[in-house]
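**Student:** Pasting a structure here, questions to come.
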Amino acid sequence: QVQLVESGGGLVQPGGSLRLSCAASENIFNFNEMGWYRQTPGKQRELVALIIVGGRTNYADSVKDRFTFSRDNAKNTVNLQTNSLKSEDTGVYYCYSRFLQREYWGQGTQVPVSS
């Protein structure tokens, strides 16, 4: 059973930045996929950034050039650097992984963007 624990969320003003982190209980080098999704009230959970092993990182069009996904294999951690935040970026951000054909989700971290 893989456990994912997010951190780094919190209230931020428009134009600000946050760095979200996700610590995994397993060696992320072995994961087939890892990424971040977000959910806002009344909307379905949507992809923010996703990396598939052996491939490049895919970003939602709405966050390209503002968000950067990175991974630290030595620490079994992935990060999401969010810059130039907008009110529409508000939501609960979830860490995601796929390992041995099973999907795993973190508990989510809230990111309210508001002045």
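The values are calculated or read from the model by the stated rules, or taken from the named source; none is laboratory data. The structure displayed is predicted, hence computed values, not measured ones. Cβ sites come from the backbone with ideal geometry, for glycine too, and all protein chains shown count toward neighbours. Note: accessible area is taken over every heavy atom of the protein model, side chains too, but ligands, DNA and RNA are not part of it. Shrake-Rupley method; radii C 1.70, N 1.55, O 1.52, S 1.80 Å.
**Student:** Scan R38, R71 and give me the residue that is touching an Asp or Glu at 6+ places or on another chain (Cβ under 7 Å) and either over 20 Å from T109 (Cα atoms) or not β-branched (V, I, T) (or both).
**Tutor:** Working: R71 fails: touching an Asp or Glu at 6+ places or on another chain (Cβ under 7 Å).
Going through R38, R71 in turn, the sole match is R38.
**Student:** Which residues, taken from segment 71-91, are part of a strand (DSSP E or B) and either out of contact with any strand residue (DSSP E or B) (no Cβ under 9 Å at 6 or more places or on another chain) or surrounded by 14 or more Cβ atoms within 10 Å (Cβ to Cβ) (or both)? Show your work before the answer.
**Tutor:** Kept after step one, since they are part of a strand (DSSP E or B), are these residues of segment 71-91: 71-72, 77-82, 91.
R71, T77, V78, N79, L80, Q81, T82, G91 - these are the residues of segment 71-91 that are part of a strand (DSSP E or B) and either out of contact with any strand residue (DSSP E or B) (no Cβ under 9 Å at 6 or more places or on another chain) or surrounded by 14 or more Cβ atoms within 10 Å (Cβ to Cβ) (or both).
**Student:** I would also like to ask the following. If only one of G16, G54 is in a loop (DSSP other than H, G, I, E, B), in contact (Cβ under 8 Å) with a residue 60 or more places away in the chain and of a type in the set (G, A, S), which one is it?
**Tutor:** Selected residue: G16, the only one of G16, G54 that is in a loop (DSSP other than H, G, I, E, B), in contact (Cβ under 8 Å) with a residue 60 or more places away in the chain and of a type in the set (G, A, S).
**Student:** Right, here's the next one. Conditions first: (1) outside any strand (DSSP E or B); (2) in contact with a Gly (Cβ under 6 Å, 6 or more places away or on another chain). Y96 passes all but one, so which condition is the exception?
**Tutor:** Evaluating Y96 over (1) outside any strand (DSSP E or B); (2) in contact with a Gly (Cβ under 6 Å, 6 or more places away or on another chain) leaves (1) as the failure.
**Student:** What is the number of the single condition among (1) closer than 20 Å to G108 by Cβ; (2) open to solvent by 60 Å² or more (accessible area, probe 1.4 Å); (3) over 15 Å from the mean Cα position of the chain (by Cα); (4) β-branched (V, I, T) that V2 does not meet?
**Tutor:** (2)
**Student:** Can you work out which of the residues in segment 5-29 that are buried (at least 17 other Cβ atoms within 10 Å of the Cβ) and in contact with a helix residue (DSSP H, G or I) (Cβ under 8 Å, 6 or more places away or on another chain) is farthest from F99 (Cα to Cα)?
**Tutor:** Going through segment 5-29, the residues buried (at least 17 other Cβ atoms within 10 Å of the Cβ) turn out to be 6, 9, 12, 18, 20-24, 28.
Adding the requirement that they be in contact with a helix residue (DSSP H, G or I) (Cβ under 8 Å, 6 or more places away or on another chain) leaves 23, 28.
On the way: A23: 15, I28: 9 Å.
If we take residues in segment 5-29 being buried (at least 17 other Cβ atoms within 10 Å of the Cβ) and in contact with a helix residue (DSSP H, G or I) (Cβ under 8 Å, 6 or more places away or on another chain), then A23 is farthest from F99 (Cα to Cα).
**Student:** Next question. Restricting attention to segment 92-111, which residues are within 16 Å of the chain's Cα centre (by Cα) and surrounded by fewer than 14 Cβ atoms within 10 Å (Cβ to Cβ)? Give the steps one after another, and end with the answer.
**Tutor:** Here is the first cut: in segment 92-111, the residues within 16 Å of the chain's Cα centre (by Cα) are 92-98, 103-111.
Passing the criteria: E103, Q107, Q110.
**Student:** Also: Which ones in segment 30-44 are farther than 14 Å from R98 by Cα, modelled with pLDDT under 95 and within 15 Å of the chain's Cα centre (by Cα)? Please lay out each step first, then the result.
**Tutor:** Step one: filter segment 30-44 for residues farther than 14 Å from R98 by Cα, giving 38-44.
So of that shortlist, the ones also modelled with pLDDT under 95 come out as 40-44.
Within segment 30-44, T40 is the sole residue that qualifies.
**Student:** Residues that are open to solvent by less than 30 Å² (accessible area, probe 1.4 Å) and touching an Asp or Glu at 6+ places or on another chain (Cβ under 6 Å): does segment 45-59 have at least one?
**Tutor:** To start, the set of residues in segment 45-59 that are open to solvent by less than 30 Å² (accessible area, probe 1.4 Å) comprises 48-51.
Narrowing the set further to residues that are touching an Asp or Glu at 6+ places or on another chain (Cβ under 6 Å) leaves none.
Looking for residues that are open to solvent by less than 30 Å² (accessible area, probe 1.4 Å) and touching an Asp or Glu at 6+ places or on another chain (Cβ under 6 Å), one finds none in segment 45-59, hence no.
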